[in-house]
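Report on the following structure.
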Amino acid sequence: MKIEVKSKKGLSTTLSVIVDKNTIQLKVNERLSELQKEVSLKGFRPGKVPPSLIKSQFGKSIYGEVIDKVLRETSSKAITEKKLKVAGQPKIDLKQFGEGKDLNYELLIDCLPNIKLNPLEKIKANKYKIKIDKKIIEDKLKELANQNKQFEDKKENEKSIIGDQVTFDYSATVDENKFEGSEGKGVQIELGKNLFLKGFDDQLVGVKKGETKIVNAILPANHPKKELANKDTKFRCKISNIKKSIESKIDDNFAKIMGAKDISDLKKLIEKQISSQYSQALNSITKKEILDQIEKNHDVELPKNLVDQEVALMTKNIKTEDKEKYKSNNEKLAKSRIKLGLLLNEFGEKNNLKVTDEEVRSEIQKQIKGMPGQEKMVLEYYKNNPNASQGLRGSLYEEKILDLIKTKIKINTIEIDTKEAEKIISNFNKPNIDNVQSSKTKSSRQDKIKSKKISKK
């Protein structure tokens, strides 16, 4: 095999590769011999088919198979021999091939740039420490108590009011006709929440246990049966029970119901969760602050094919007209991502950072703990999706790199309250109109605690 550098311009290198015709023919003959042992043709015993007959029937396909294999092997060897760091998939341009001819092709390669990392000591970033006001914790306790309020039976002749829990059976009709799903048993609603049908709750205010109440309501527009959508419906409701809410005492017993040891422990858990919610968003801001400076402090020539691939990935679900409209901004963002990826990877390699299989498994176990009852589903997901496992490994690798970078830069720790945190997060999340078509704005913080029990993590 003969390998020559035909041209080199910037990060683009073109190699000329020639594979001797005799080498090709030898591989073809080897494959013909293998096929002779495998092929069974009518009139011939297995393994006794004449080579000439095999060649006449399978020669073209065998030659194509051999050429494909030779191209893969020789292109990989050529890249290794010339010590090229390839960015993306090289392109092959066939110049000459055919039986009795040398295989001649050009290998078009975009190479990764040689990156010189600049010192990190001049980089500065803010780290935020959240101070949670006691009132916020008390408000959260009240919210949890309201979400988990208890009910007790009302007296027999006591009428229902907003906030009561009403249990009833119903039989419904549309134009005096029953329909699928027109009957319900033991339906339970909390008056005032309006979770059943619009206007339904109000009509059950004032009922007593044992009464029958006719309720008129309109079925939803998205009803599974299209013919029933937006239909006026008459519900004949038989009230079986009415309960009134009783104030939940926020004490040690309540704390235990919430999954804590006592009220003091519950307050600590709430504080931890609120702090964690803010910290997640604030840490993202710190990370962006660091990465922006790293990107600004380095000049890196970028492989065009990697940028093109990133743009294609970013815009695959965007309309063609929007792709053109935001082309410049999308390219800018793609270049930023590629540049940072190359810089971080270089930093990781220079510092011999690696992610072990054990670390990946440990992270998967963390995810499992956060999804009780879905252990099998999580394991199956990573088992059946290699890209997911690879993505997880990549995230852990980036995390390791950033952790090491933080030890080499100046970190200024600032203590702030939740109001200041909200302001910082809000400013950070103001949408950039230039990038609105290519990326989603990260949420300022996670949703409020909605689970019935406080989780200890």
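Just so it is clear, none of the values below were taken in a lab; they were calculated from the coordinates. Note that the structure is predicted; figures quoted are calculated from it, not measured. Reconstructed Cβ throughout: ideal geometry from the backbone, glycine too, with neighbour counts over all protein chains shown.
Across the chain, the mean sequence separation of Cα contacts (distance under 8 Å, 6 or more residues apart), normalised by length, yields a relative contact order of 18 percent. Ignoring lysines fewer than eight residues from LYS408 along the same chain, the ones with Cα atoms less than 24 angstrom from its Cα are LYS116, LYS122, LYS124, LYS127, LYS129, LYS287, LYS288, LYS296, LYS339, LYS350, LYS354, LYS400.
In terms of the Cα gyration tensor, with a ≥ b ≥ c the square roots of its eigenvalues, is the stretch 317-426 rounded because a/c is under 1.5, prolate because a/b exceeds b/c, or oblate? Note, shape of the stretch 317-426 comes out rounded. Taking the Cα centre of the stretch 320-420 as origin and assigning +1 to Lys and Arg Cβ atoms and -1 to Asp and Glu Cβ atoms, the resulting dipole is close to 280 debye. Taken along the Cα-to-beta-carbon direction at a fixed 7 Å, the label points for ALA221 and ASN429 span 2.8 nm. The stretch 270-322 and the stretch 162-212 have Cα centres separated by 50 Å. The angle separating the long axis of helix 21-38 from the principal Cα axis of greatest extent in the chain is about 60 degrees.
Loop-located trypsin sites (Lys or Arg not before Pro) in the stretch 253-290 (DSSP state other than H, G, I, E, B) with a sparse environment of at most 15 neighbouring Cβ atoms within 10 Å: LYS261. Applying the Karplus relation 6.51 cos²θ - 1.76 cosθ + 1.60 with θ = phi - 60° to the stretch 395-407 yields 3J(HN,Hα) values of 5, 5, 5, 4, 4, 4, 4, 5, 4, 5, 4, 4, 6 Hz, where x marks Gly and Pro. Each residue of the stretch 199-214 was assigned a 3J(HN,Hα) from its phi angle through the Karplus expression (A = 6.51, B = -1.76, C = 1.60, θ = phi - 60°), giving x, 5, 4, 4, 6, 9, 6, x, 7, 10, 4, x, 6, 10, 10, 8 Hz with x at Gly and Pro. Estimated from the Cβ-Cβ distance and a Förster radius of 22 angstrom, the FRET efficiency linking LYS319 and LYS296 is about 0.10. Extending 7 Å from the Cα toward the beta-carbon at both ASN29 and GLN309 defines two label points whose distance is 4.0 nm. The Cα atoms of the chain define a convex hull whose projected area, averaged across directions, is 37.5 nm².
Here the calculated FRET efficiency for ALA229 and GLU158, from their Cβ-Cβ distance with R0 = 51 Å, stands at 0.85, rounded to the nearest 0.05.
Placing +1 on each Lys and Arg Cβ and -1 on each Asp and Glu Cβ, with no other charges, gives the chain a dipole about its Cα centre of roughly 560 debye. Here's how it looks for GLN150: its modeled amide H is under 5 Å from those of ILE246, SER248, which are all 5 or more places away or on a different chain. Extending 7 Å from the Cα toward the beta-carbon at both GLN147 and LYS193 defines two label points whose distance is 1.3 nm. The spacing between the stretch 96-141 and the stretch 386-417, judged by their C-alpha centroids, is 11 Å. For the stretch 132-228, trypsin sites (Lys or Arg not before Pro) are listed when DSSP marks them as loop and at most 12 other Cβ atoms sit within 10 Å of their Cβ; the list is LYS155, LYS178, LYS193, LYS198, LYS225. 3J(HN,Hα) along the stretch 357-364, derived from phi through the Karplus expression 6.51 cos²θ - 1.76 cosθ + 1.60 where θ = phi - 60°, amounts to 4, 5, 5, 5, 4, 4, 5, 4 Hz, with x in place of Gly and Pro.
Once R0 is set to 41 Å, what does the formula 1/(1 + (r/R0)^6) return for the Cβ-Cβ distance between GLU183 and LYS376, expressed as a FRET efficiency to the nearest 0.05?
According to the calculation, E is roughly 0.65.
Taking the 0 to 90 degree range and rounding to the nearest ten, how far is the long axis of helix 51-81 tilted relative to the main principal axis of the chain, both from C-alpha atoms? Roughly 80 degrees between the two axes.
Pull out a ≥ b ≥ c, the square roots of the eigenvalues of the alpha-carbon gyration tensor of the stretch 1-141, then state rounded if a/c is under 1.5, prolate if not and a/b is larger than b/c, and oblate in the remaining case. Oblate.
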